[in-house]
Amino acid sequence: MASKKGIIITIVMLAVISGASFVVWILPQNHSSSVVVSDFKSELDSVKERHLLITTAIDSNLKGLSDKSMSPDEFINQTQISSSQVTSLISELVESNAPTEWQQSYGAYFESLKKYNDYLSETISLANKIKNGISTSDLNDEMSKLDALKKESDALATKSDQTRPG
């Protein structure tokens, strides 16, 4: 015959197994999160404000790179962080699932952020060239290319503003 201790251990084990199975069954299996946006104007304004903060920091860092108060390696590190932040903003716009009336405005700002990320990649390339030594004429060419990318990003941001629903 079974001892009392053996029966109690068996019951406890069955209770633990049953409890664990119940928890696994009850918990949702889909762990992906989604962003629910109800105020698309405020959401886009928020993305624009954060983009402006990133832009301001990069402009300051680029000035520091050009006047040699910031090392190329430090600039590259900061710019990579900024690029990651811009990528997060892009994801935020994509995941918001903007309704039809907001899609053109969101799409234009999405393209603006992508162009700004291209700009950031080019600034990293510039920092590497400065690190390895660059001629004044090549530096001027690089700065012209950067200026064109930034203007393109700004133009797309303006298009986003112009296409906002009434």
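The values are calculated or read from the model by the stated rules, or taken from the named source; none is laboratory data. None of the values given here were measured: they were computed from a predicted structure. Note: ideal-geometry Cβ built from the backbone for every residue, glycine included; neighbour counts use all protein chains shown.
Miscellaneous remarks
- Residue identified as surrounded by fewer than 15 Cβ atoms within 10 Å (Cβ to Cβ), under 18 Å from the mean Cα position of the chain (by Cα) and more than 23 Å from ASP39 (Cβ to Cβ) among SER121, SER82: SER121
- Residues that are of a type in the set (A, V, I, L, M, F, W, C) and within 18 Å of ILE58 (Cβ to Cβ), drawn from segment 71-121: PHE75, ILE76, ILE81, VAL86, LEU89, ILE90, LEU113, LEU120
Conditions tested, residue by residue: (1) at pLDDT below 95; (2) of a type in the set (Asp, Glu); (3) touching a Pro at 6+ places or on another chain (Cβ under 8 Å).
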position	(1), (2), (3)
ALA98	yes, no, no
ASP138	yes, yes, no
ASP141	yes, yes, no
LYS159	no, no, no
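- For segment 125-140, the criterion of being at negative phi and under 16 Å from the mean Cα position of the chain (by Cα) is met by none of the residues.
- Selection status of ASP161, part of a helix (DSSP H, G or I), closer than 21 Å to SER105 by Cβ and among the acidic types (Asp, Glu): yes
- Any chance ASP154 is out of contact with any helix residue (DSSP H, G or I) (no Cβ under 6 Å at 6 or more places or on another chain) and assigned to a helix (DSSP H, G or I): yes
- Note on segment 56-85: residues that are closer than 13 Å to THR123 by Cβ and not in a helix (DSSP H, G or I) total 1.
- Filter result (crowded, with 17+ Cβ neighbours inside 10 Å and more than 23 Å from SER69 (Cβ to Cβ)) within segment 127-163: LEU149, SER153, LEU156, ALA157, SER160
- Residue in segment 142-150 that is closer than 28 Å to SER96 by Cβ and within 23 Å of the chain's Cα centre (by Cα) present: yes
- Only listed residue being more than 21 Å from HIS51 (Cα to Cα) and of a type outside the set (D, E, K, R), chosen from ALA127, ALA108: ALA127
- Subset tally (residues that are over 17 Å from the mean Cα position of the chain (by Cα) and in contact (Cβ under 8 Å) with a residue 60 or more places away in the chain) for segment 85-118: 4
- Check on SER105, among the hydroxyl-bearing types (Ser, Thr, Tyr) and surrounded by fewer than 18 Cβ atoms within 10 Å (Cβ to Cβ): no
- Scope segment 119-138; condition without any contact (Cβ under 8 Å) to a residue 12 or more places away in the chain and among the hydrophobic types (A, V, I, L, M, F, W, C); matching residues: ILE134
- With respect to (1) hydroxyl-bearing (Ser, Thr, Tyr); (2) surrounded by fewer than 18 Cβ atoms within 10 Å (Cβ to Cβ); (3) modelled with pLDDT of 95 or more, the lone exception for TYR116 is condition (2).
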